[in-house]
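Rule-based calculations on the coordinates, nothing more; no lab input. The structure displayed is predicted, hence computed values, not measured ones. A quick note on method: Cβ atoms are made from the backbone with ideal geometry, for glycine too, and the neighbour counts reach across all protein chains shown.
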Amino acid sequence: MRTVPAPMTRAPASPFAPTFAPTFTHGDGSTPAGSAVSPEDRLARAWAALEAVPDPEIPVVSIRDLGILRDVAMADDGQTIEAIITPTYSGCPAMSQIEEDAGRALEAAGLAPWRVRTVLAPAWTTDWITEAGRASLRTFGIAPPGQCASPAAHGGNVQPMRFVPRQPQAPAIACPRCGSVHTQELSRFASTACKALYRCLDCREPFDYFKPY
Ligand SMILES: [Zn+2]
């Protein structure tokens, strides 16, 4: 099906091509991975590879669903796949690990040349966590963050933005286990700085709450 020409970077008369091609020809026997594929194809593969990378701290959620993976694009040189990631907060200790994991995923998918670029602005917000990511957090026993900036995404519950100090007591946080909103904050910081420790007053279980910001 693929009729795209080989990228310019691939020397057409490479003496290695005939030897190498068969080793990469799995499945439908079409274009060998990582060589004569279109830039669009490589980008699609890069997305697929990176979507499978789990967050190191919350492995049930991918870096895509957490909103850490911002974009996958072709660099200006027209060859290098560039994955753009934004840390959940500056100084997040998991960040170098995420860079490594993303790079490893691209390498394993045969997508070289690639690079992983960390972009700090705009700053990551919990609003970037996808619905799938929120569901996974709940399954993992972590109450997902409430929406900061776009309440419209939550059933049209739109409220005007007011510039007031953040309430010391957050709105009712539902227990991820039993759904009860009779919960109590025990500590502003839980297993990581981006979570708070809560306790459910009904099922008595403690749980982490992913703080919105
Ligand atoms: Zn509960």
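Figures for the structure shown
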{"item": "Yes/no for R177 being surrounded by fewer than 20 Cβ atoms within 10 Å (Cβ to Cβ) and part of a loop (DSSP other than H, G, I, E, B)", "result": "yes"}
{"item": "In the range 83-123, residue surrounded by the most Cβ atoms within 10 Å (Cβ to Cβ) [restricted to those that are part of a loop (DSSP other than H, G, I, E, B) and among the polar types (S, T, N, Q)]", "result": "T88"}
{"item": "Criterion (of a type in the set (G, A, S) and free of Cβ contacts under 8 Å to residues at least 24 places away in the same chain) met by exactly one of S96, S62", "result": "S96"}
{"item": "Whichever residue in the range 195-213 is more than 15 Å from R134 (Cβ to Cβ), in contact (Cβ under 8 Å) with a residue 12 or more places away in the chain and out of contact with any Phe, Trp or Tyr (no Cβ under 8 Å at 6 or more places or on another chain) and, among such residues, is farthest from the ligand (Cβ to nearest atom)", "result": "L201"}
